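So the structure is just underneath, and the comments pick up after that.
Just so you know, all these numbers are worked out from the coordinates, no wet-lab data involved. Keep in mind the model is a prediction, meaning the values are calculated, not measured. Counting neighbours? That spans all protein chains shown, and the Cβs are built from the backbone with ideal geometry, glycine included.
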């Protein structure tokens, strides 16, 4: 019992110490250190090199599940920047370790390699009115370049840390990639990660502490199929699918009208061979999102019930042939959750934003940070710097308008989290 009380007192003392930190003062003092002042200045001088690398990496296609060519080139660049402990893991993530003096903790800085655009998309960069246009140039190629720029500045200014930093380019962040890269990072045997900072999104003031989870399904009804006249009376997969969508929309709309924000969407529909043929297969892809895990489970149940009701109704209506079957296949499961905004990582991110004269905003999002947040690991997502718009469109653009500030902000958060030696 005595040992238990002693441990509790130690933990309480640690919590009190953390609660009394002036994080704004911590960031200001950190920025005043000679080597960090030098690193902040160097980041500004690297703008032209950063733009050239952004163009180069953007023009290496990285469609879903085919990020390998970009990953290999990114690993080469990390090694050339002095990060000799760089590897590509079995899932395709590029992982590069910055060794701290003690290595008692590991802070990961993460940007994703993949884009949403399919193979064959023209990713040639064009410059127009001070903007760089190309699919994926902001989301998230710029995040990759931010990490490279940060490393170069730290190397040039001879910055040291107490804890280790992992600089990671992940695969599978977008769409049906289903966060496969970052999920792999938290599997047994992967490098330990104690804090996680994702670089994604264009807002400088946004500090993510809430993860929007999602359940995604491909619902497929199957039947015999046949001629629309001579085989009339067969159970019809398209009718069953249409009924599913109607029932789901009807019931889900009532559900999302109150409570924590929850959304749903029928994103794609397909099937059939001809206007005068009963389809042998009809399918739809469905997305549901919420910050609240319970709400996500509940709207999932609404979908499952709609599927089964539609299946039963269509099979009862048939006058001939075999009954329909249905497959409800999961094509995405992003975990949800939230991080207490009072934890040091979030407070440091807020303080670093204020350091640049910007009022920060706590936010929710669906990013690589979802996985550690759901596991209770301190994690956040911050912006990539600069200005941009049109993410996930062919007209996506990014402009290097004070883009260096995004790198500087990430540097200050990472160094505050990893710690710097008092004596050099």
So how far apart, in nm, are the two label points at residue 280 and residue 192 if each is 7 Å from Cα heading toward Cβ? 5.6 nm
If you fit an axis through the alpha-carbon atoms of helix 47-58 and take the longest principal axis of the Cα set of the chain, what angle between them do you get, 0 to 90°, nearest 10? 30 degrees
Connecting C-alpha atoms closer than 10 Å in a GNM of the chain, tell me which of 406, 270, 177 has the biggest fluctuation. 270
Helix 2-19: inclination vs the chain longest Cα principal axis, degrees, rounded to 10, gives 80 degrees
For the chain, what proportion of DSSP beta bridges, expressed in % and rounded to the nearest 5, is antiparallel? 70 percent
What's the exposure ranking of 154, 83, going from fewest to most Cβ atoms within 10 Å? 83, 154
Any idea how far the Cα center of segment 311-371 sits from the one of segment 131-160, in Å? 27 Å
Value of relative contact order over the chain, rounded to a whole percent, pairs C-alpha under 8 Å and six or more apart: 23 percent
With springs only between Cα atoms under 10 Å apart, run a GNM on the chain and tell me which of 136, 202, 189 wobbles the most. 189
Given labels modelled 7 Å from the Cα in the Cβ direction, how far is it in nm from residue 227 to residue 102? 8.1 nm
Difference of contour (0.36 nm per residue) and Cα-Cα distance, residue 361 to residue 72: 100.5 nm
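Could you work out the helix-only [θ] at 222 nm for the chain, with each DSSP H run of four or more residues adding -39,500 (n - 2.57) and the total divided by the number of residues, to the nearest 500 deg cm²/dmol? The partial results should precede the final answer.
Details: 12 runs with 161 residues, N = 424.
Rounded to the nearest 500, it is -12000 deg cm²/dmol.
Rounded if a/c is under 1.5, else prolate if a/b beats b/c, else oblate: with a ≥ b ≥ c from the C-alpha gyration tensor eigenvalues square-rooted, which is segment 345-390? Walk me through the numbers before you get to the answer.
Numbers: a/c = 2.70, a/b = 1.29, b/c = 2.09.
Taking the square roots of the gyration eigenvalues as a ≥ b ≥ c, segment 345-390 is oblate.
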In what sequence do 215, 184, 112, 246 fall when counting other Cβ within 10 Å, fewest first? 246, 184, 215, 112
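Rounded, prolate or oblate, given the Cα gyration tensor of segment 216-334, with a/c below 1.5 counting as rounded?
Prolate is the answer for segment 216-334, as a/c is 1.5 or above and a/b outweighs b/c.
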Within segment 268-290, whose backbone N sits under 18 Å from a point 7 Å along Cα→Cβ of residue 305? 288-289
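Could you put 77, 105 in order, starting from the residue whose Cβ has the fewest other Cβ atoms within 10 Å? Please report the intermediate quantities before stating the final value.
Numbers: 77 22, 105 18.
Ranked by crowding around the Cβ, least crowded first: 105, 77.
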Taking Cα pairs under 8 Å and at least six residues apart, what relative contact order does segment 300-424 come out at, in percent? 20 percent
How far, in degrees from 0 to 90, does helix 23-32 lean away from the longest principal axis of the Cα atoms of the chain, to the nearest 10? 60 degrees
Build a GNM of the chain with springs between Cα atoms under 10 Å: which of 391, 39, 277 gets the top mean-square fluctuation? 277
Taking the C-alpha atoms of the chain, how large are the radius of gyration and the largest Cα-Cα span, Dmax, in Å? 25.0, 87
Report relative contact order for segment 93-172 in percent, whole number only (criteria: Cα-Cα under 8 Å, sequence separation at least 6). 63 percent
Take residue 387 and residue 65, extend 7 Å from each Cα along the Cα→Cβ direction, and tell me the distance between the two endpoints in nm. 3.9 nm
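Give the shape of segment 132-188 as rounded, prolate or oblate, defined through the alpha-carbon gyration tensor: a ≥ b ≥ c are the square roots of its eigenvalues, a/c under 1.5 means rounded, and otherwise the shape is prolate if a/b is larger than b/c and oblate if not. Show your work: numbers first, answer last.
Values: a/c = 5.63, a/b = 1.27, b/c = 4.42.
Oblate is the answer for segment 132-188, as a/c is 1.5 or above yet b/c matches or exceeds a/b.
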For segment 74-123 and segment 185-264, what is the separation of their C-alpha centers, rounded to whole Å? 30 Å
